[in-house]
Amino acid sequence: MSRVYNFSAGPSAFPEEVLKQVRDELLEWRDSGMSVMEMSHRGKFFSIIAEELEQDLRALMAIPENYKVLFLQGGATAQFSMIPQNILQGKTKACYVNTGAWSEKAIKDAGNYCEVVLSANSEASKFTTIPDVAGWAIDQDAAYLHYTSNETIHGVEFQSIPDSKGLTLVSDMSSNILSRPVDVSQFGIIYAGTQKNMGPAGVTVVIVRDDLIGHAPKTTPEVFNYAVQAKNGSMLNTPATYNWYLVGLVLKWLKAQGGVAAIEQRNIAKSALLYDLVDKSSLYSNPVDVPYRSRMNVPFILKDQALDKPFLAAAEANGLFELKGHRSVGGMRASIYNAMPEAGVKALCEFMAEFERTH
Ligand code: PMP
């Protein structure tokens, strides 16, 4: 067996220890006599898994009591429309900040339900910065303010929580949840797909403040209604049981690493290695404003596009996979989520330095 370093943006690298545990527990979970895959979602064994999953996430993020934690399907993409469907509360407008491709998708869906007020937009910079929060146009008649805390494609990340001037704050944290501590109490809703920092694809975590639940119009489909899902413990219908279990294992792994504050220090160190190399190089460059560079997704371009293919081929030959940038921006992207070990980033840096020496 020769496992490679996988820099995919999601689904993405898993902690190897967790994969080994999954292998060991495949046929029988604890003393249940069965695989997690075979368990009834309402049975006594799966109930333990579900309970531990929620408790571990609550502990890792210090989620206050007055928030529900939902584990839903449909990806973060489903939340783009579930949010306006659930929390407009009779209002006709919502504020959105556009900092990249994922913000744009959220904005497009929200437009089907309400008037979108564009509070800030970095499109003119080709999404290489975040507009100064002091200048954001925040409409006090809007139901909420939505932003994307980390733009997975453009590699732009908020380094602090923006001031929503009293509006309910909603954040898509798909690609940086659990990579750094956040004060959950500042948010109305935090949501994220699991396929980057929490496990495999197939589960969407939605952390929602109690007072925002119960306002969806009657026409909202039951599965898309936070109140119905909360009342049913996210089991209105059959949940993605095996994926819940896998997310649970990744959360236990994260706890064993020292939790979110400890992993943040490693994420700072890992991303600094890559950005230092890129900044000192005359072959590679990163276009993002330094204060907003993402610790999770590091995009970079090569001076000569003709080198892209040889770069990717040589990287694979060195066991470094999935470095191709998103098709919409081109170039390269190294996604270095929690599960990417420092050794993987060091191996990438050594390869990049060697490639520069020889090209
Ligand atoms: N938001 C962000 C920031 C993302 O990175 C992604 C997926 N890459 C999505 C939303 C969409 O997630 P999903 O494919 O799970 O719907």
Ordered by number, the GluC sites (Glu not before Pro) in region 42-101 that occupy a DSSP loop and have at most 15 other Cβ atoms within 10 Å are E65
The ³J(HN,Hα) series, computed from each phi in region 161-172 with the Karplus coefficients 6.51, -1.76 and 1.60 at θ = phi - 60°, rounded to the nearest Hz and given as x for glycine or proline, is 7, x, 7, 8, 6, x, 6, 4, 9, 10, 9, 7
Tally up the carbon and sulfur contribution to the accessible surface of region 17-256 as a whole percent, 1.4 Å probe, everything protein left in place. 51
How about region 205-235: which trypsin sites (Lys or Arg not before Pro) there are in a DSSP loop, with at most 14 other Cβ atoms within 10 Å of their Cβ? K218
Taking only protein heavy atoms and a 1.4 Å probe, the highest-to-lowest accessible-area order of L277, L283 is L277, L283
Return the long-range amide H neighbours of Y144 (sequence gap of 5 or more, or a different chain), with a cut-off of under 5 Å between placed amide H atoms. C95
Which value at 222 nm does the chain reach when only helices count, each DSSP H run of 4 or more adding -39,500 (n - 2.57), with the total divided by all residues and rounded to the nearest 500 deg cm²/dmol? -11000 deg cm²/dmol
Give, as a single signed number, the net charge of other residues whose beta carbon lies under 10 Å from the beta carbon of I130, with Lys and Arg counted +1 and Asp and Glu -1. -4
If I take every Cα pair under 8 Å that is 6 or more residues apart in the chain, average their sequence separation and divide by the length, what percent do I get for the relative contact order? 23
Please compute the length gained on full extension between E52 and A313, using 0.36 nm multiplied by the number of residues separating them and subtracting their Cα-Cα distance. 89.7 nm
Please work out the FRET efficiency for the pair V117 and D279, using the Cβ-Cβ distance as r and a Förster radius of 30 Å; give the result to the nearest 0.05. 0.25
So what J values fall out for region 80-95 if you push phi through Karplus, 6.51 cos²θ - 1.76 cosθ + 1.60 with θ = phi - 60°, rounded to Hz, Gly and Pro as x? 4, 9, 5, 4, x, 5, 9, 10, 5, 6, x, 7, 10, 10, 9, 8
Compactness of region 17-256 - radius of gyration and Dmax, Cα, Å: 18.3, 59
Roughly how far apart, in whole Å, are the Cα centres of region 197-236 and region 105-124? 22
Amide H neighbours of I336 under 5 Å, at least 5 residues apart or on other chains, H built in the peptide plane: list them. N297, V298
Restricting to lysine pairs 8 or more places apart or on different chains, what number in region 58-198 have Cα atoms under 20 Å apart? 8
³J(HN,Hα), Karplus 6.51/-1.76/1.60, whole Hz, each residue of region 103-112, x for Gly, Pro: 4, 4, 5, 4, 5, 4, 5, 4, x, 6
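The values are calculated or read from the model by the stated rules, or taken from the named source; none is laboratory data. A quick note: this is a predicted structure, and the numbers were derived from the prediction, not measured. When we count neighbours, we look across all protein chains shown, and the Cβ atoms used for this are built from the backbone with ideal geometry, even at glycine. We work out accessible area using only protein heavy atoms, side chains counted, and drop any ligands, DNA or RNA first. Shrake-Rupley method; radii C 1.70, N 1.55, O 1.52, S 1.80 Å.
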